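Since the structure comes first, as structure tokens, the remarks are kept for the end.
No lab work stands behind these numbers, since they all come straight from the coordinates. The structure displayed is predicted, hence computed values, not measured ones. Because the Cβ atoms are built from the backbone with ideal geometry, glycine has one as well, and the counts that use them run over all protein chains shown.
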Amino acid sequence: MDPTRIPGDPSATSFVRRLLQLALCAACALGATGALAWSRHALATGPALAALPEFAGLPAVKVESLASFLAAEGASLEQVLADEERWAREHVPTYPPRPDALRFTAAGASDAAELRRRFVAALRIAPDLPLALFLQRDPGATASDGRPPLAEREVTTLPRDASIEASRFVALREGEPVRPIEVATTASDEPDYGLDLGLWEDNGTPQGRIYGFGKQPFGNPALDFGTQAPLHMGFYHEARIIYAAAGFLKRTYPEYRIHLWRTLARHALATGHDYWGWRFAGWAMHYVQDLTQPYHARVLPDVSTVRMLWINGLYMAGWPSAREHAVTLVSNRHLALENFERTALEAGHRDRRVVPAWFDALAGAGVAADPEWSDDSPRRVVSLRAADAADALDRTLAATLPAHYVDDPSFDFGASEHGIDLFASLARDDAGARDALVRAIAPRMADFGAYTRAVARSLLAARR
Ligand SMILES: [Zn+2]
């Protein structure tokens, strides 16, 4: 028997499918204005990695351009990427195979630009991302190294948003020394700078037409930022009826990205290209960190399948508002969580006394040992822990944040977010609610820290 088929009423299946499609369109529509992920990963990656002395204490490495890395390792990368593709085809469920025409070959590339073009195509990333040499400044640090500022457009293809505006970038020069912790911390933000945009066949981009990912599984393919969602979310732990009704939910691929970047990191480290080793490592960390966000691991937290069917039944009977309300509330809570997280971390970097519980959690305080990394970790552990925490966190958000933001279906958080600082406003108006929310999110920060270090530790032994 086909395990994806539900016996019984086929109309129930279509109810759920329609509801989920609507919900996910809304969830991805919010990507047009919101960050749709933990915002500013680097703010949390830095404190997480600082708590791993064998990594944080590594000596400085030499900055190397992508062109130099490819010139030195192009030939060896052919086999590495061929093996990686074989792994993905064997291990990632519903994996869209990389077309054979995009197989990486270094031989015969006429120049550095052509070599880069082939590499970018084999990785199936957005070809317009600059991949410049840069660092993101810690917002609390005063710069004294004389590194020149770098414009946003040199590192990201995204239009300005609240998190990018708040970030400060500086340029690195090829050959200068830089600490691995700075490289990985900066790189942990980079997958949100446009790396995964416009990759699907229906995105209207040249790369989307040749990358072989198929049609965008959910969300609006015309909305720029939302197009990355299926690579940064992992819906691995929904009820069976949900997958049966909405098979497109099986097409989320952070696992594939994490494995690819870890493989490249290991190879770069093993061949003495530590700068690229730790930059790829930071990319891998990003997707792992995304999976610790409950709204990235569950489609509609705290909305039961039965309730979805009920709401949808009302919709079918001519009362659409319950369905629209449910979708708007989930979107608003998702964005409110990320606003609170970002503004709290920004405040915490200016003054560690503001959210000490989070910095302790990120550093693994009170935990005997970090988890070991394995290829199964993203699906079996990281996203499961976030999915399990989703319902309770959703309820805490509703109970602690002003009702206007989390319980008012006529309010659109994404459209109104500019200038909202939930951490500051809650600290001012309701310190008890702020503390409750800080406590509720702390275990997510602990997972963020623990699995970020697990990735770093898993790569330390790869160094030449
Ligand atoms: Zn992301």
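Give me the dipole magnitude in Debye, nearest 20, for the chain about the Cα centre, with unit charges on the beta carbon: positive for Lys and Arg, negative for Asp and Glu. Intermediate results must be reported in sequence, preceding the final value.
Values: 49 positive and 57 negative charges, 118 e Å.
Around 560 debye, computed over the chain.
Quick check: convex hull over the Cα atoms of the chain, volume per residue in Å³, rounded to an integer? Write down the numbers at each step before the final one.
On the way: hull volume 66.2 nm³, N = 464.
Each residue corresponds to 143 Å³ of Cα convex hull volume.
Given the Cα-Cα distance of R350 and E174 and 0.36 nm per residue of separation, how much length would full extension add, in nm?
Values: separation 176, 0.36 × 176 = 63.36 nm, distance 3.05 nm.
Result: 60.3 nm gained on full extension.
If you stretched the chain out fully between A60 and H404, how much longer would it get, using 0.36 nm times the residue separation minus the C-alpha to C-alpha distance?
119.0 nm
FRET efficiency for A322 and T157, Cβ-Cβ distance as r, R0 = 56 Å, nearest 0.05? Intermediate results must be reported in sequence, preceding the final value.
Numbers: r = 38 Å, r/R0 = 0.69.
Once the sixth-power term is evaluated, E becomes 0.90.
How long is the gain from A239 to A461 if the chain were fully straight, where each residue apart is worth 0.36 nm and the alpha carbon distance is subtracted? The partial results should precede the final answer.
Values: separation 222, 0.36 × 222 = 79.92 nm, distance 3.87 nm.
Extending this stretch completely gives an extra 76.0 nm.
When you count, for each residue, the other Cβ atoms within 10 Å and take the mean per peptide, how do 73-84, 41-52, 269-280 rank with the highest first?
Ranked by mean Cβ neighbours within 10 Å, highest first: 41-52, 269-280, 73-84.
Alpha carbon centre of segment 364-408 versus segment 226-244: separation in Å?
Segment 364-408 and segment 226-244 have Cα centres separated by 16 Å.
Using a 7 Å offset from the Cα along the Cα-to-Cβ direction at both E114 and D376, what is the distance between the two label points in nm, to one decimal?
Distance between label points: 4.6 nm.
Report the charge-dipole magnitude of segment 237-379 in Debye, nearest 20, computed about the Cα centre from +1 at each Lys and Arg Cβ and -1 at each Asp and Glu Cβ. List each step's numbers first, then the result.
Numbers: 16 positive and 15 negative charges, 69 e Å.
For segment 237-379, the charge dipole is close to 340 debye.
Can you tell me which of 224-230, 388-394 comes out highest on packing, and rank the rest after it, using the mean Cβ neighbours within 10 Å? Walk me through the intermediate numbers first.
On the way: 224-230: 23.3, 388-394: 18.6.
The packing order, highest mean first, is 224-230, 388-394.
Using the Cβ atoms and a cut-off under 14 Å, what net charge is assigned to the surroundings of L49, where Lys and Arg are +1 and Asp and Glu are -1?
On the way: positive: R179, R279, R453, R457; negative: E54, D138, E182, D189, D370.
Within the 14 Å Cβ shell, the charges total -1.
Take each uninterrupted DSSP H stretch in the chain, measure its Cα extent along the helix axis, and return the ones at 30 Å or beyond whose mean Kyte-Doolittle hydropathy is at least -0.5.
Working: long enough: 66-91 (32 Å, -0.25); 321-350 (43 Å, -0.55); 431-460 (42 Å, 0.35).
TM-like helix candidates: 66-91, 431-460.
From the helices alone, meaning DSSP H stretches of at least four residues, give me the mean residue ellipticity at 222 nm for the chain, per-run term -39500 (n - 2.57), in deg cm²/dmol to the nearest 500.
Values: 21 runs with 250 residues, N = 464.
Computed mean residue ellipticity for the chain: -16500 deg cm²/dmol.
Given the C-alpha centroids of segment 55-122 and segment 297-321, what is the distance between them in whole angstrom?
Here the two parts' Cα centres lie 44 Å apart.
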